[in-house]
Ligand SMILES: [Zn+2]
Ligand SMILES: [Zn+2]
């Protein structure tokens with residue numbers, strides 16, 4: 001079976017997804033991803049230390065290699081950006097385009113309410 005390469009939202013990944021997120025292997029992989037991103041949200045650019053109520057999370061750009069992800073399958077997002085991506089069902093690439101075109105950016109960011117441009 002072939003999975004759609006685009007992430008379709010939290011409800012569609014393979015059934016053992018939640019369990020996988022609790023494994024040591026995933027913890028290691030996600031902390032490596034955060035290190036690669038210098039502990040910064042790859043969308044809004046906030047560093048972990050700047051986040052107020054939000055925290056850094058690791059998002060699957062693709063679930064195709066779930067369990068043996070390549071670095072490019074993962075991006076680091078603050079929980080605000082992460083939630084918006086899933087709520088609005090946009091891909092990371094689409095979200096990044098939207099962010100690029102927002103003139104007010106980056107004055108409004110870091111989890112202030114209503115600050116996300118999409
Ligand atoms: Zn963010
Ligand atoms: Zn996600």
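The values are calculated or read from the model by the stated rules, or taken from the named source; none is laboratory data. Because the structure is predicted, anything quoted here is derived from the model rather than measured. Note that we place each Cβ from the backbone using ideal geometry, even for glycine, and neighbour counts take in every protein chain shown.
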**Complete:** Being within 14 Å of ligand 2 (Cβ to nearest atom) and either exposed (fewer than 15 other Cβ atoms within 10 Å of the Cβ) or modelled with pLDDT of 95 or more (or both) narrows 90, 58 down to just 58
**Single residue of 66, 12 found to be within 22 Å of residue 90 (Cβ to Cβ), modelled with pLDDT under 95, in contact with a strand residue (DSSP E or B) (Cβ under 8 Å, 6 or more places away or on another chain) and part of a loop (DSSP other than H, G, I, E, B)** = 66
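Do we find that residue 50 is surrounded by 15 or more Cβ atoms within 10 Å (Cβ to Cβ), within 16 Å of ligand 2 (Cβ to nearest atom) and in contact (Cβ under 8 Å) with a residue 24 or more places away in the chain in this structure?
It is false that residue 50 is surrounded by 15 or more Cβ atoms within 10 Å (Cβ to Cβ), within 16 Å of ligand 2 (Cβ to nearest atom) and in contact (Cβ under 8 Å) with a residue 24 or more places away in the chain.
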**Fill in**
Output for Cβ contacts, cut-off 8 Å, separation at least six or different chains, first residue farther than 24 Å from residue 47 by Cβ in the range 65-77, second assigned to a loop (DSSP other than H, G, I, E, B), reads 66/13; 66/14
**Asked** Just a yes or no: is a residue in the range 78-93 closer than 23 Å to residue 18 by Cβ, within 15 Å of ligand 1 (Cβ to nearest atom), in contact with a helix residue (DSSP H, G or I) (Cβ under 7 Å, 6 or more places away or on another chain) and part of a strand (DSSP E or B)?
**Response** no
**Of residues in the range 16-44 being part of a loop (DSSP other than H, G, I, E, B) and under 15 Å from the mean Cα position of the chain (by Cα), the one farthest from residue 76 (Cα to Cα)** = 21
